[in-house]
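One structure below.
The values are calculated or read from the model by the stated rules, or taken from the named source; none is laboratory data. As the structure is a computational prediction, the values presented were derived from the model and not from experiment. No Cβ is skipped: glycine too gets one built from the backbone with ideal geometry, and neighbour counts run over all protein chains shown.
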Amino acid sequence: MADTRHTKVLIIGSGPAGYTAGVYASRAMLEPILVQGMEPGGQLTTTTDVENWPGHSEIQGPDLMINMETHSRAMGTEIISDLITSLDMTKRPFTAQSDSGTVYTADAVILATGARAKWLGLESEEKFKGFGVSACATCDGFFYRGQEIVVIGGGNTAVEEALFLTNFASKVTLIHRRDELRSEKILEDRLMKNEKITPLWFHELVEVVGDENPLGVTAVRAKHVETGEITEIPCKGVFVAIGHAPANELVKDTLETHMGGYVKTAPDSTATSIPGIFAAGDLTDHKYRQAVTSAGMGCMAALEAERFLAELGDGTE
């Protein structure tokens, strides 16, 4: 028979939002349980140098997440290596089924499952992730000062990334499989007027080329979608900007979402469309997608969960 565990606050997800929620919920004496999920630490575990986390001029992404996990655990969060496979939000206490078979019941739930960058699925792309291939210009653009780089995509994300990267790069090549952008007109105008950006129309990335020791990108190969002709473009960085997908599998059919599946929260709040369910971090943030803003929302979610439970008295209906 499966074990059943009850907690006042169940935190699902273990990125900056989840671990920060654990710190604040623990300080509120709520004795939270945090279930880490499939990728403990989230997207930052695939990042190398992090230079925009306050208090650290430079820290490795995996080290930062280990520090946050350690902090959350030290405050009193019970952190469990497991995966929540389903969540029943129709009545309180809420019920979560895990991959291990354990059933968790909770008076409040903080969703911090994050979002995942969309990738092309190339073997060479996977090989150089974190070593020249990135999906976050604001995270990694700084490392390519004076270098030639490539951006893949044609929507708002790609154009914004390309424009941002001109602050650092000597040249930005935007590779898009069509001959027109899908971005907002104002962004397109800015891109076309920027002398550092060269669009490469009707092309798709087929291979990332690089050195083995040390591992690093030296070029990309792009194929013309009509003729099949291959063009090799020298570069030191490749930014895949074809969008992000919120990890909303648990709640997409129950909670109100918007902007392509991001969980919708009340203004200036982490409260979702179901009382007692809170969402923080990249699961709800389609705009900033930064570790520091995710951590801030994790704090908000824990404080709001504390107030929600206080208003209920003993935590029961």
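I'd like the full set of residues that are closer than 20 Å to E306 by Cα and in contact with a His (Cβ under 6 Å, 6 or more places away or on another chain), limited to the stretch 72-121.
Hit for the stretch 72-121 is T105, nothing else.
Just checking: which of the strands (runs of 3 or more DSSP E) contained wholly in the stretch 221-316 hold 2 or more residues that are more than 30 Å from W201 (Cα to Cα) and in contact with a Leu (Cβ under 9 Å, 6 or more places away or on another chain)?
Here the list reads 277-279.
Condition (residue is in contact (Cβ under 8 Å) with a residue 12 or more places away in the chain, within 20 Å of the chain's Cα centre (by Cα) and either within 20 Å of H224 (Cα to Cα) or crowded, with 23+ Cβ neighbours inside 10 Å (or both)) applied to the stretch 174-181: is it met by at least one residue?
The answer is no, given that none of the residues of the stretch 174-181 is in contact (Cβ under 8 Å) with a residue 12 or more places away in the chain, within 20 Å of the chain's Cα centre (by Cα) and either within 20 Å of H224 (Cα to Cα) or crowded, with 23+ Cβ neighbours inside 10 Å (or both).
Among the residues of the stretch 202-211, is any more than 19 Å from Y19 (Cα to Cα) and without any contact (Cβ under 8 Å) to a residue 12 or more places away in the chain? I'd like the intermediate steps shown before the answer.
Filtering the stretch 202-211 down to residues more than 19 Å from Y19 (Cα to Cα) leaves 202-211.
If we keep only those that are without any contact (Cβ under 8 Å) to a residue 12 or more places away in the chain as well, we get 211.
The answer is yes, given that some residue of the stretch 202-211 is more than 19 Å from Y19 (Cα to Cα) and without any contact (Cβ under 8 Å) to a residue 12 or more places away in the chain.
Is it true that some residue in the stretch 103-117 is closer than 30 Å to L303 by Cβ, surrounded by 15 or more Cβ atoms within 10 Å (Cβ to Cβ) and polar (S, T, N, Q)?
Looking for residues that are closer than 30 Å to L303 by Cβ, surrounded by 15 or more Cβ atoms within 10 Å (Cβ to Cβ) and polar (S, T, N, Q), one finds at least one in the stretch 103-117, hence yes.
Counting only residues that are aliphatic (A, V, I, L, M), give me the strands (runs of 3 or more DSSP E) lying completely in the stretch 32-142 with at least 2 of them.
In the stretch 32-142, the matching strands (runs of 3 or more DSSP E) lie at 33-35, 78-80, 84-88, 103-111, 115-117.
How many residues are in contact with an Asp or Glu (Cβ under 9 Å, 6 or more places away or on another chain) and either over 20 Å from A219 (Cβ atoms) or β-branched (V, I, T) (or both) if we restrict to the stretch 149-165?
Matching residues across the stretch 149-165 total 5.
Is it true that I84 is under 23 Å from the mean Cα position of the chain (by Cα) and without any contact (Cβ under 8 Å) to a residue 60 or more places away in the chain?
On the way: under 23 Å from the mean Cα position of the chain (by Cα): yes; without any contact (Cβ under 8 Å) to a residue 60 or more places away in the chain: no.
It is false that I84 is under 23 Å from the mean Cα position of the chain (by Cα) and without any contact (Cβ under 8 Å) to a residue 60 or more places away in the chain.
Check whether at least one residue in the stretch 204-215 is outside any strand (DSSP E or B) and surrounded by fewer than 13 Cβ atoms within 10 Å (Cβ to Cβ), and report yes or no.
Within the stretch 204-215, the subset outside any strand (DSSP E or B) is 213-214.
Pick out the ones that are also surrounded by fewer than 13 Cβ atoms within 10 Å (Cβ to Cβ) and you get 213-214.
For the stretch 204-215, residues outside any strand (DSSP E or B) and surrounded by fewer than 13 Cβ atoms within 10 Å (Cβ to Cβ): present.
Check the stretch 174-182 and report whether any residue there is at positive phi and in a loop (DSSP other than H, G, I, E, B).
no
Quick test for you: out of T85, T70, T77, pick the one residue that is outside the structural domain of C136 (by TED's automatic domain parsing), surrounded by fewer than 15 Cβ atoms within 10 Å (Cβ to Cβ) and within 20 Å of V109 (Cβ to Cβ).
Result of the check over T85, T70, T77: T85.
Look through K236, K264 and report the one residue that is among the charged types (D, E, K, R), at pLDDT 95 or above and under 30 Å from L10 (Cβ atoms).
Numbers: K236 fails: under 30 Å from L10 (Cβ atoms).
Exactly one of K236, K264 is among the charged types (D, E, K, R), at pLDDT 95 or above and under 30 Å from L10 (Cβ atoms), namely K264.
Which residue is farthest from the chain's Cα centre (by Cα), if the candidates are limited to the stretch 41-56 and must be buried (at least 18 other Cβ atoms within 10 Å of the Cβ) and not β-branched (V, I, T)?
Only one residue fits best here, namely W53.
Checking the structure you have, find out if any residue of the stretch 156-166 is within 30 Å of C299 (Cβ to Cβ), loosely packed, with under 15 Cβ neighbours inside 10 Å and within 23 Å of the chain's Cα centre (by Cα).
Scanning the stretch 156-166 turns up no residue that is within 30 Å of C299 (Cβ to Cβ), loosely packed, with under 15 Cβ neighbours inside 10 Å and within 23 Å of the chain's Cα centre (by Cα).
Could you tell me which residue of the stretch 272-285 is nearest to the chain's Cα centre (by Cα), considering only residues that are of a type outside the set (G, A, S) and buried (at least 18 other Cβ atoms within 10 Å of the Cβ)?
Here the residue is D282.
Looking at Q60, is it over 25 Å from F128 (Cα atoms) and surrounded by 14 or more Cβ atoms within 10 Å (Cβ to Cβ)?
So Q60 fails the test.
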